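Participant: Here it is: the structure, laid out below.
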Amino acid sequence: MARSIEQVGQDLHHLQTASSNLGTELTAAYQSYFAALAPTLKQQSIQSCYYLCTNCYPDAFLKLNYNQRSQLLKTLQRVISNAIANLVVQIDSSARVDNDDEPTGELTSIPIMPIDWFATPTSLSTWQQNLESEIAHSLKEISYKVNLLLQQARIMPATIPKPILEASAQADRQGESNVNIPNLLSILIEQEPDEQEFEDSTSDRAIVSNGTDRSVSIALDAEGDDFPQIVQIHSVYLRLTEVEFSEVNVLSLRKNIDRIVDKVKMLRREYLQKQQELKIAEAESAWRNSWFES
């Protein structure tokens with residue numbers, strides 16, 4: 001026997017209450033997660049820069065004098081700290097940030113989520129997915145800013161534009177990167193000699209494209225060589241899973257978030273089923289109210 005509209009409505013109300021409680025629990029979990037993620041992310045970013053300067057591009061790093069190296073490292077720390085401070089995710093979209101406040105590099109000041117986002121499991125799930133997308137985007141931006149600074153310091157090839165790094169990152173996601181160092185991207189690319197573009201005499205590197213979305217590379221000093229050149233690009237590429245894996249506390253807090261998200265998913269499935277059940281009950285009621293024996 002089909003259940004009444006009132007009975008299904010009560011079930012939906014109970015699920016909405018459960019959604020609100022889960023939203024509060026999930027917010028607290030993310031607050032703890034961000035507080036632990038900030039110092040770990042800073043440490044991993046600096047370690048990636050260290051390896052890039054000392055193992056991938058040691059010649060370029062050694063060309064800098066002491067003052068230049070000191071200034072570079074200070075600027076790297078400042079850029080990383082400021083970028084991490086900007087990772088403070090605005091859970092409350094209506095919250096305002098005081099522009100007079102100096103960034104602290106801490107990720108603990110997260111405004112409370114508006115209750116309407118917690119009202120149903122579907123809206124709560126959407127919010128959580130958007131939050132994860134924002135985290136991923138922030139790590140991508142931090143990587144780009146660090147790489148840009150290293151380019152400006154002529155540690156990395158100065159002509160690698162952002163689309164090249166993005167294409168390399170895409171290759172990494174497809175398993176084509178050959179680097180084993182956490183949060184670094186290294187990819188081998190083949191380049192035809194007639195496609196090379198050279199910089200001025202201050203550098204023997206240049207960026208070229210062969211018409212695909214990722215086959216771009218650094219020209220070597222073999223201008224007269226008729227054979228394709230195999231070149232290698234190294235860059236900082238922060239991966240959330242690797243950052244989390246480096247610190248047991250962050251990894252534990254991520255597992256706690258995953259546990260709550262699993263509850264949200266189950267609640268969302270049940271909520272959608274109850275919504276469909278309500279529609280059926282309303283349709284059956286409408287049929288009965290519209291039916292007259294002829």
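Where a number appears in this text, it was derived from the coordinates with a stated rule and is not lab data. This one's a predicted model, so the numbers in the text were calculated from it and none came from an experiment.
Participant: In the structure shown, do any of LYS42/LYS140; LYS63/LYS140; LYS42/LYS145; LYS74/LYS145; LYS74/LYS140 have a Cα-Cα gap over 23 Å, and if so which? List each step's numbers first, then the result.
Facilitator: Numbers: LYS42/LYS140 14 Å; LYS63/LYS140 28 Å; LYS42/LYS145 13 Å; LYS74/LYS145 14 Å; LYS74/LYS140 21 Å.
Where the Cα-Cα span goes over 23 Å, the pairs concerned are LYS63/LYS140.
Participant: Quick one: what Rg and Dmax do you get for the range 224-294 from the alpha carbons, in Å?
Facilitator: Over the range 224-294's Cα set, Rg and Dmax evaluate to 28.4, 94 Å.
Participant: Let me know the volume per residue of the alpha-carbon convex hull for the range 14-91, in Å³.
Facilitator: Values: hull volume 7.0 nm³, N = 78.
In the range 14-91, the Cα convex hull volume per residue is 89 Å³.
Participant: What is the Cα coordinate range of the range 1-50 on the first, second and third principal axes, sorted by size from largest, in whole angstrom?
Facilitator: 68, 18, 9
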